[in-house]
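Structure first, commentary second.
The values are calculated or read from the model by the stated rules, or taken from the named source; none is laboratory data. All figures in this text were calculated on a predicted structure; none of them were measured in a lab. FYI the Cβ positions are ideal-geometry reconstructions off the backbone, even for glycines, and counts take in every protein chain you see.
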Amino acid sequence: MSSKRLGFLTLALVVLAIGSIFFVACTRPGTAPIASGNGGNTPPAGGGGGTTVHMGNSNFLVPSTTIPKGSKLTLIDDVAVPHIIQNGTYDANGTPKPAKEPGAPTVNVSFSGSDTKDIGPFTTAGTFHLYCTIHVNMNLTVTVK
């Protein structure tokens, strides 16, 4: 192999290696990328059951999700906005209705912005409601099957 080709190959490998390092350094640990076509609702890659739901400034990016019985729900705050997630919901008038359905895990989780928290496990099948106490009408319905 000529020295020009060897030099070009070496340069190409170095550029790819540096690009890979920058790509890995720019991802947040513990988060999965948003898969296109499913509204940010991505199942975990490693098995074990569970679902990821992303949060925006004042909303869940999906209003509902379905998870397998026994799994956890991962909430990701994609923005630098605080959220306090608890059991309950807002009614049609925007009035908070704190309530814990039978079998639901107790949820009282604070996000300071741009962070990730797990909720659960959800050990009972059913429909459960979560809401943000800070942002009116920020509701999430979790169906456990």
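What pairs come up if the first residue lies in region 77-89 and is closer than 25 Å to Glu101 by Cα and not assigned by TED's automatic domain parsing to the domain that holds Ser114, the second is surrounded by 14 or more Cβ atoms within 10 Å (Cβ to Cβ) and polar (S, T, N, Q), and their beta carbons are under 8 Å apart, counting only those six or more places apart or on different chains?
none
Residue by residue through region 68-99, note down the ones that are of a type in the set (D, E, K, R), surrounded by 13 or more Cβ atoms within 10 Å (Cβ to Cβ) and out of contact with any Phe, Trp or Tyr (no Cβ under 7 Å at 6 or more places or on another chain).
Restricting attention to region 68-99, the residues satisfying the condition of being of a type in the set (D, E, K, R) are 69, 72, 77-78, 91, 97.
When the remaining residues are screened for being surrounded by 13 or more Cβ atoms within 10 Å (Cβ to Cβ), the result is 69, 72, 77-78.
Lys72, Asp78 - these are the residues of region 68-99 that are of a type in the set (D, E, K, R), surrounded by 13 or more Cβ atoms within 10 Å (Cβ to Cβ) and out of contact with any Phe, Trp or Tyr (no Cβ under 7 Å at 6 or more places or on another chain).
List every residue pair whose Cβ atoms sit under 9 Å apart, with the two residues 6 or more apart in sequence or on different chains, where the first one lies in region 133-145 and is touching a residue at least 24 places away in the same chain (Cβ under 8 Å) and surrounded by 20 or more Cβ atoms within 10 Å (Cβ to Cβ) and the second, anywhere, is part of a loop (DSSP other than H, G, I, E, B) and of a type in the set (D, E, K, R).
Correct list of pairs: Val144/Lys69.
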